[in-house]
Amino acid sequence: MIIKTDYIFMNTEKRKCLVHITDKVRDFVKKSNVKEGMVLVSAMHITAGIIVNDYEEGLWKDIMDWLERVAPVSDYLHHNTGEDNGDAHLKRIVVHHQVIVPITNGNLDLGPWEQIFYAEFDGQRKKRIVLKVMGE
Amino acid sequence: MIIKTDYIFMNTEKRKCLVHITDKVRDFVKKSNVKEGMVLVSAMHITAGIIVNDYEEGLWKDIMDWLERVAPVSDYLHHNTGEDNGDAHLKRIVVHHQVIVPITNGNLDLGPWEQIFYAEFDGQRKKRIVLKVMGE
Amino acid sequence: MIIKTDYIFMNTEKRKCLVHITDKVRDFVKKSNVKEGMVLVSAMHITAGIIVNDYEEGLWKDIMDWLERVAPVSDYLHHNTGEDNGDAHLKRIVVHHQVIVPITNGNLDLGPWEQIFYAEFDGQRKKRIVLKVMGE
């Protein structure tokens, strides 16, 4: 069995945005030499998540606008700690913070339109995504 | 280690519905001969998801009605591409598009009421679910 | 390959609450002797979920208050079965019912603020979480 770990470092210019990371995950899997298995992609900071959805700019804005309605910027109790990012914690919960991508015949076994995105809700500082592959 | 892959093909009559797939996942695991491990169940199309919840028709309607409120049909920027399914992309994000089911003593290690459902939000055309099992 | 299973039993005093379980997951992984791999943490009852977020009491209340807005107590069709917990089924869907934690160098490979919580939405009775670890 092969088990490998790597990290993608993030520091987005915007406070909130989506970042396409499919190629980084694919490169990691190629280097790991796993031909059959699974790769975990998990946002390690609690104000960010991972989404597998369409590579389409209009939709990206739709997703971010919709999240502002579902989990809006507001006065949260969490802000008593000095933070102002309560909404970002909730947005991470809605989108979930991780995905598993199956690996078949040495490739990411994604559907025809599935692409992997890092969803940043409180950026402009150093963050990490963990990649963990297991297989043969 | 055993690693096996299969696909469930879907083409629902209704545009939006839940489809019970626990038996299909169970059959796949039995055939794989994995006695201890995990199976990934992941919707490969970006307008569908996977839910593990109750086998109860009233609840199924509750879930679909509630999703119309959380991620309603509306004018989305995504529709500038000619699509009209922006809400379906958002519904997939709310419910998440995949689950992992543990396998113990050769069986799906589900709770007493846990059943696996495919959640279609833009059907009436060919779609796929990937099943990937790893274990011994 | 090592594959181990265990269950965390829950019976919360309150009907709705978050329970910190990071230490229980860590103990299970230590005992399993897995140094590299993944552990699945999955709520086996369909009115509970798992969240990886901040260890901060104000935020815990923010999360539970926000969930009452996103998936409120209401009249659901599910209640025709005699149940009154329709909202709890929906809350489980929003937060998702499971997470995978990577294991690196014998430790849970969590971000600096990531902690694991069991999210109970219809407690005051016996429930279970399944833990499944795979690795070497």
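What follows draws every value from the coordinates through simple rules; no lab data is involved. If you're wondering where the values come from, they're calculated on a predicted model, not measured in any experiment. Cβ coordinates were reconstructed from backbone atoms using ideal geometry, including for glycine residues, and neighbour counts include every protein chain displayed.
Counting only residues that are within 25 Å of A:I2 (Cα to Cα) and crowded, with 17+ Cβ neighbours inside 10 Å, segment A:25-51 holds 16 of them. For segment C:72-90, the criterion of being more than 12 Å from chain B (Cβ to nearest Cβ), assigned to a loop (DSSP other than H, G, I, E, B) and either exposed (fewer than 15 other Cβ atoms within 10 Å of the Cβ) or aromatic (F, W, Y) (or both) is satisfied by at least one residue. For segment C:113-136, a residue qualifies if it is in a loop (DSSP other than H, G, I, E, B) and facing another protein chain (nearest Cβ under 9 Å), and the qualifying residues are C:W113, C:E114, C:E136. You will find that of A:M64, A:M134, the residue that is touching a Gly at 6+ places or on another chain (Cβ under 6 Å) and either surrounded by fewer than 23 Cβ atoms within 10 Å (Cβ to Cβ) or not polar (S, T, N, Q) (or both) is A:M134 and no other.
Scanning segment B:7-16 for residues that are within 14 Å of chain A (Cβ to nearest Cβ) and in contact with a Gly (Cβ under 9 Å, 6 or more places away or on another chain) turns up just one, B:M10.
Within segment B:17-42, the set of residues being under 30 Å from B:H78 (Cβ atoms), of a type in the set (A, V, I, L, M, F, W, C) and more than 8 Å from every other protein chain (Cβ to nearest Cβ) comprises B:C17, B:L18, B:V19, B:I21, B:V41. Annotation: of all residues in segment A:41-69 being in a loop (DSSP other than H, G, I, E, B) and hydroxyl-bearing (S, T, Y), the one that is nearest to B:D84 (Cα to Cα) is A:Y55. The set of residues from segment B:3-40 being assigned to a strand (DSSP E or B) and either free of Cβ contacts under 8 Å to residues at least 60 places away in the same chain or touching a Ser or Thr at 6+ places or on another chain (Cβ under 6 Å) (or both) comprises B:K4, B:T5. One residue stands out in segment A:96-112 among those that are touching a residue at least 60 places away in the same chain (Cβ under 8 Å) and outside any strand (DSSP E or B): the one that is surrounded by the fewest Cβ atoms within 10 Å (Cβ to Cβ), namely A:N105. Within segment B:52-59, is there a residue that is surrounded by fewer than 18 Cβ atoms within 10 Å (Cβ to Cβ), within 12 Å of chain C (Cβ to nearest Cβ) and touching a residue at least 60 places away in the same chain (Cβ under 8 Å)? Looking through segment B:52-59, at least one residue is surrounded by fewer than 18 Cβ atoms within 10 Å (Cβ to Cβ), within 12 Å of chain C (Cβ to nearest Cβ) and touching a residue at least 60 places away in the same chain (Cβ under 8 Å).
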